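First up is the structure itself, then whatever we jot down about it.
The values are calculated or read from the model by the stated rules, or taken from the named source; none is laboratory data. Just so it is clear, the structure is predicted and the values come from calculations on it, not from any experiment. In this analysis, Cβ positions are derived from the backbone assuming ideal geometry, glycine residues included, and neighbour counts consider all displayed protein chains. Each accessible area value is taken on the protein alone, full model and side chains, heavy atoms only, with ligands, DNA and RNA left out. Shrake-Rupley method; radii C 1.70, N 1.55, O 1.52, S 1.80 Å.
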Amino acid sequence: MPLLTEYAARLTQAINAVARDEADAIDRAAAVLAEQLRRDGLIYLYGPGAHSAIAVQDVFYRAGCPANVVPVSDTSTTLAAGALASTQAERADNHGAAVVAASGVTAGDPFVIINAFGINAAALSAARAARTLGAYVIGLSTPATTADLPINHPARGDGLSTLADLADLHINTHVPIGDTLLAVAGQPAGGASTVLNSFTLHALLTTALAHSPTTQVWRSTYTPDADIHNAHLAAHFRPRIPAL
């Protein structure tokens, strides 16, 4: 099988596994989001990790996604802070808790944490802090990727704790061990988590829209009248979503 064909096939299999095996969890999480959408509330999204953060950026101000989405700001765990620095930040004790405290999330709000592996200190402390505030925590991660990782590995934020354990509701993103799907010349290749994180998050938001069909979404700025439509949405949400 040609390399690109194999890569596409394996990535498609992983996406299909999310759609098949996580349909119930996605629908239940979507119902929680839809309830918030129907009352014009906000949905908070946090991706504590250099590549996990990309999923949050992918659905914010994105055509077809609800305007109620709040990207929880944390540049220190993104590649903008520097590659190795982002790893240090996501491993820092209570880093995620501080981010949650500054996010504006309140009791009853959905707080979605997207992290491919679900064990770094930022993800775990964020989950605990959000639940302490009374938020409903939805976790997107793949516990199996780190099940055999030693308890003292520096990537582990709190022993054997995982985002799946701490979230009110968890959705498995089916990321492969090592975050790659192929081997090329004896080396791992063919990254997966960015695509799977984004697909799962888009699937969650799209399903929420199906539960709340009157919710307004962003439109592509390359379509007629989209600028007018988007300006109305931005004017409505900007007082509550500073990133707009």
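Some observations on this one:
- Residue in segment 41-51 that is modelled with pLDDT of 95 or more, of a type outside the set (A, V, I, L, M, F, W, C) and over 17 Å from the mean Cα position of the chain (by Cα) present: yes
- Output for segment 43-60, where each listed residue is touching a Ser or Thr at 6+ places or on another chain (Cβ under 9 Å), assigned to a loop (DSSP other than H, G, I, E, B) and surrounded by fewer than 20 Cβ atoms within 10 Å (Cβ to Cβ): His51
- Output for segment 163-190, where each listed residue is open to solvent by less than 60 Å² (accessible area, probe 1.4 Å) and of a type in the set (S, T, N, Q): Asn172, Thr173, Thr180
- Matching residues, segment 86-126, being open to solvent by less than 40 Å² (accessible area, probe 1.4 Å), among the hydrophobic types (A, V, I, L, M, F, W, C) and either in a helix (DSSP H, G or I) or modelled with pLDDT under 95 (or both): Ala89, Ala97, Val99, Val100, Ala121, Ala122, Ala123, Leu124, Ala126
- Of all residues in segment 127-138, those being among the aromatic types (Phe, Trp, Tyr) and open to solvent by less than 10 Å² (accessible area, probe 1.4 Å) number 0.
- Positions within segment 61-74 being modelled with pLDDT of 95 or more, at negative phi and either in a strand (DSSP E or B) or open to solvent by 40 Å² or more (accessible area, probe 1.4 Å) (or both), in sequence order: Arg62, Ala63, Pro66, Val69, Val70, Pro71
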